[in-house]
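The values are calculated or read from the model by the stated rules, or taken from the named source; none is laboratory data. Every value quoted in this text rests on a predicted model; they were computed, and no experiment measured them. Every residue, glycine among them, receives a Cβ derived from its backbone with ideal geometry; neighbour counts consider all protein chains shown.
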Amino acid sequence: MMERITVHYPHMNRSVTLLYSTSTGHTEFVIDAVIGALGKEMKDLRIIKQRAEVSKPEDLKKADLLLLACGSWNTGNIEGQLQPYMEDLLHVRSSDIDLKGKPSAAIGLGDDRYHFTARAAEKLTDYLTSHGATLLLPTLKIINEPFDQTKKIELWTKEFIAAIDKLPTKSRE
Ligand SMILES: Cc1cc2nc3c(=O)[nH]c(=O)nc-3n(C[C@H](O)[C@H](O)[C@H](O)COP(=O)(O)O)c2cc1C
């Protein structure tokens, strides 16, 4: 009799798209720190790093996991908005997409010299939840320069990994 064996490959074939925009490089620094920590722990995870200005609505939809990140900006002369490239991708070009429960997370940056400090964190979270994504963990907020905040970024990435680990595994028979 043929024995049926199910082998679980938790991260096999799974991809995460890190979609970000940046003006001074702060968000890219954070994203690279996340990628470093993810790559160390999840060897089989396919990591796609992509800037918002070259992304299409389909890029938001096609990844297994989605991470959005950007700084806060005075887009349209109003403080506390998304960085302009992210604003354009999410609210102009991808305003009507359905993320259908996609496991997602967000990182918002800002500066405490502004009254609406790091409001990008809330704006990204609102976009994900209002477009049907499943938020895997509370959004990471990075206030002021990120360069001495790597510990905080790594701790958050550990939580992100733990949440990914809890997702139903893909199985092969
Ligand atoms: C024109 C301009 C507007 C900004 N507006 C805000 C704001 O409204 N709220 C805030 O917390 N930070 C604001 N910031 C600070 C940036 O969000 C912060 O420096 C962030 O780390 C930049 O990330 P990035 O270089 O990846 O775009 C602003 C910065 C600039 C230059």
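A compact table of results
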quantity: Filter pass, L155 being part of a helix (DSSP H, G or I), under 28 Å from K43 (Cβ atoms), more than 16 Å from the ligand (Cβ to nearest atom) and modelled with pLDDT of 95 or more; calculated: yes
quantity: Residues (within 16 Å of the ligand (Cβ to nearest atom), surrounded by 16 or more Cβ atoms within 10 Å (Cβ to Cβ) and not in a helix (DSSP H, G or I)) located in the range 119-149; calculated: R119, T139, L140, K141, I142, I143, P146, Q149
quantity: Some residue of the range 96-118 being surrounded by fewer than 20 Cβ atoms within 10 Å (Cβ to Cβ), hydrophobic (A, V, I, L, M, F, W, C) and within 13 Å of the chain's Cα centre (by Cα); calculated: no
quantity: The range 51-72, residues that are out of contact with any helix residue (DSSP H, G or I) (no Cβ under 6 Å at 6 or more places or on another chain) and either charged (D, E, K, R) or free of Cβ contacts under 8 Å to residues at least 12 places away in the same chain (or both); calculated: R51, V54, K56, E58, D59, K61, K62, D64
quantity: Residue within the range 92-106 that is within 20 Å of V16 (Cβ to Cβ), touching a residue at least 12 places away in the same chain (Cβ under 8 Å), near the ligand (Cβ under 9 Å from one of its atoms) and touching a strand residue (DSSP E or B) at 6+ places or on another chain (Cβ under 7 Å) present; calculated: no
quantity: Members of the range 50-77 found to be part of a loop (DSSP other than H, G, I, E, B), more than 8 Å from the ligand (Cβ to nearest atom) and not hydroxyl-bearing (S, T, Y), listed by number; calculated: K56, A63, D64
quantity: Tabulated pairs, the range 140-152, first hydroxyl-bearing (S, T, Y), second more than 7 Å from the ligand (Cβ to nearest atom), C-beta under 6 angstrom, 6+ apart or interchain; calculated: T150/A33
